[in-house]
Amino acid sequence: MVLNAIFFYLFSAIAIASAVMVIGARNPVHSVLFLILAFVNAAGLFVLLGAEFLGMILIVVYVGAVAVLFLFVVMMLDVDFVELRQGFLSYLPVGGLVGIVLLAELLIVLGGWAFAPDVTPAAPIVGDVPNTEALGLLIYTRYVYFFQAAGLILLVAMVGAIVLTLRHRVSVRRQSAAEQVARSPATSVEVRKVESGKGI
């Protein structure tokens, strides 16, 4: 039990410190690296809580894809961050309002746990079932339609993003499957008679 407490405080302290450094670092590349460190420590906290599936998803999805994508975008694009920081104070009231709303929501959630600990948002899986299997049973039985709807929305969003960003340039030669299928020997083969001692 003491070992769990030591690891909890270690992961929590590093996660909070790295989260502060994400918004406090001047170099955006350092901010992304601190974000990866925060994700790794949050995954460690999930494992300590017995939610190993969420910890694995946090490492695979966020660290392996999202944070690395952020890092590549920040390193490859020549973004003038000094110019972006010039209008920082104008966004301070909106940011403060969003922070107050998030703080109020967290206090409501913590108050709900304190005053009504028996109320759970979803029916728990009874029995000795691992965390990953319990999530699978809950998603693919009780919430299967919501899960399918979420996947459909993500698919439509992905197709829409591809359609909106796709640009056909005139100078680029593209493959036309219809023209290739419709070819005949008369249009694709040209026979030339080459005289002896001369080239084409």
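Residues being surrounded by fewer than 11 Cβ atoms within 10 Å (Cβ to Cβ) and within 22 Å of residue 57 (Cα to Cα): count how many of those fall in region 149-185.
Number satisfying all stated conditions: 7.
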message: Filter region 9-65 down to the residues that are outside any helix (DSSP H, G or I) and open to solvent by 30 Å² or more (accessible area, probe 1.4 Å) and list them by number.
response: 26, 27, 49, 50
message: Quick check on residue 137: is it of a type in the set (A, V, I, L, M, F, W, C) and modelled with pLDDT of 75 or more?
response: yes
Those residues of region 128-148 which are open to solvent by less than 50 Å² (accessible area, probe 1.4 Å) and of a type in the set (S, T, N, Q), in sequence order: 131
message: I want to confirm something. Restricting to region 148-174 and keeping residues that are at pLDDT 80 or above and farther than 30 Å from residue 136 by Cα, which single residue is nearest to the chain's Cα centre (by Cα)?
response: 162
- request: Just one of (1) surrounded by 11 or more Cβ atoms within 10 Å (Cβ to Cβ); (2) at pLDDT below 90; (3) assigned to a helix (DSSP H, G or I) trips up residue 5, so point out which.
  value: (1)
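Name the single residue, out of those in region 72-96 being β-branched (Val, Ile, Thr) and modelled with pLDDT of 70 or more, that is most open to solvent (accessible area, probe 1.4 Å).
94
The values are calculated or read from the model by the stated rules, or taken from the named source; none is laboratory data. All values reported here derive from a predicted model rather than from experimental measurement. All Cβ positions, glycine included, derive from the backbone under ideal geometry; neighbour counts span all protein chains shown. Surface accessibility is based on the protein's heavy atoms, side chains included, excluding ligands, DNA and RNA. Shrake-Rupley method; radii C 1.70, N 1.55, O 1.52, S 1.80 Å.
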